[in-house]
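Working notes for the structure below.
Please treat every number below as a calculation from the coordinates, not as lab data. Just so it is clear, the model here is predicted, and its values are computed rather than measured. All Cβ positions, glycine included, derive from the backbone under ideal geometry; neighbour counts span all protein chains shown.
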Amino acid sequence: GAGVSQSPSNKVTEKGKDVELRCDPISGHTALYWYRQSLGQGLEFLIYFQGNSAPDKSGLPSDRFSAERTGGSVSTLTIQRTQQEDSAVYLCASSLKRGEYNEQFFGPGTRLTVL
Amino acid sequence: GDSVTQMEGPVTLSEEAFLTINCTYTATGYPSLFWYVQYPGEGLQLLLKATKADDKGSNKGFEATYRKETTSFHLEKGSVQVSDSAVYFCALRNTDKLIFGTGTRLQVFP
């Protein structure tokens, strides 16, 4: 079956612009996660959803970052007033349900470049 | 807070050499431990996992044993291939989120 998909695969934007990154999880997966992979910080957790609720937003680096999930499926990560330090690969993952025993399946990522 | 420390790379080996990539962790409670792999141009994939102390995870010739006494989860393979060239990430999961190490690049030459 289809895996986790993300769009766009690449995004180049100018500093100060807003961007939206999209994640389509595996059908039927109730838990959805966002991570960021950057040169300086490695792979870091941003936020996760169980259904449409976000029980843990602790990894969002600033209030410029927000995310939502609708219909228990697609999620959008929005970065407002982008800065150069936001340049990174943004990864989305989904799992059948929450909990440490449920494998997270990762999408291919969106590479964001802020000029 | 919880954290994962893994050896810095790159690790450069000849084909058929023995591989060890060290990983240690700090966590409260009893996390599950994972190794993920990222092949060039591809997404992150689960390589193997272990959910409790003394468990051994294995896949594709790779192995790692969950050592609670040394808080370690070292990755090993007896004979590497060129196709194993990738970045390897050690990770733990205590609740819902994964906490990753910084990644170790492995380069295998023929």
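Using only side-chain charges placed at the Cβ, +1 for Lys and Arg and -1 for Asp and Glu, the dipole size of the protein assembly as shown relative to its Cα centre rounds to 380 debye.
What does the charge count near B:M7 come to, summing +1 for each Lys or Arg and -1 for each Asp or Glu among other residues with Cβ under 14 Å from its Cβ?
Numbers: positive: B:R105; negative: B:E8, B:E76.
Taking every other residue near B:M7 into account, the sum is -1.
Placing unit charges on each Cβ (+1 for Lys and Arg, -1 for Asp and Glu) gives the protein assembly as shown a dipole about its Cα centre, and among A:G40, B:V37, A:G3 the Cα reaching farthest toward its positive end belongs to A:G3.
For the options B:G43, B:G57, B:G78, a Gaussian network treatment of chain B with springs between C-alpha atoms closer than 10 Å singles out B:G43 as fluctuating the most. For chain A, the residue among A:T78, A:A93, A:Q50 whose Cα projects farthest onto the positive side of the dipole built from Cβ charges is A:T78.
The count of lysine pairs in chain B that are at least 8 places apart or cross chains, and whose C-alpha atoms lie under 19 Å apart, stands at 9. 3J(HN,Hα) along segment A:44-54: 10, 6, 10, 7, 9, 10, 10, x, 9, 9, 10 Hz, from the Karplus curve 6.51 cos²θ - 1.76 cosθ + 1.60 with θ = phi - 60°, whole Hz, x for Gly and Pro.
From the alpha carbon centroid of segment A:1-75 to that of segment B:81-107 is 20 Å. Within straight-line reach of A:K15, meaning a Cα separation under 25 Å, sit the following lysines at least 8 residues removed in sequence or on another chain: A:K57. When each of the peptides B:14-25, B:96-107, A:8-19, A:38-49 is scored by how many other beta carbons lie within 10 Å of its residues on average, the order from highest to lowest is B:96-107, A:38-49, B:14-25, A:8-19. Take each residue of peptide A:104-111, count the partner chain Cβ atoms within 10 Å of its Cβ, and average: the result is 4.
Residue by residue, segment A:89-97 carries 3J(HN,Hα) couplings of 9, 9, 10, 10, 9, 9, 9, 3, 8 Hz when phi is fed to the Karplus relation 6.51 cos²θ - 1.76 cosθ + 1.60 (θ = phi - 60°); x denotes Gly or Pro.
Hey, got the dipole for chain A? About the Cα centre, +1 on K and R Cβ, -1 on D and E Cβ, debye to the nearest 20?
Numbers: 12 positive and 12 negative charges, 29 e Å.
My answer is approximately 140 debye.
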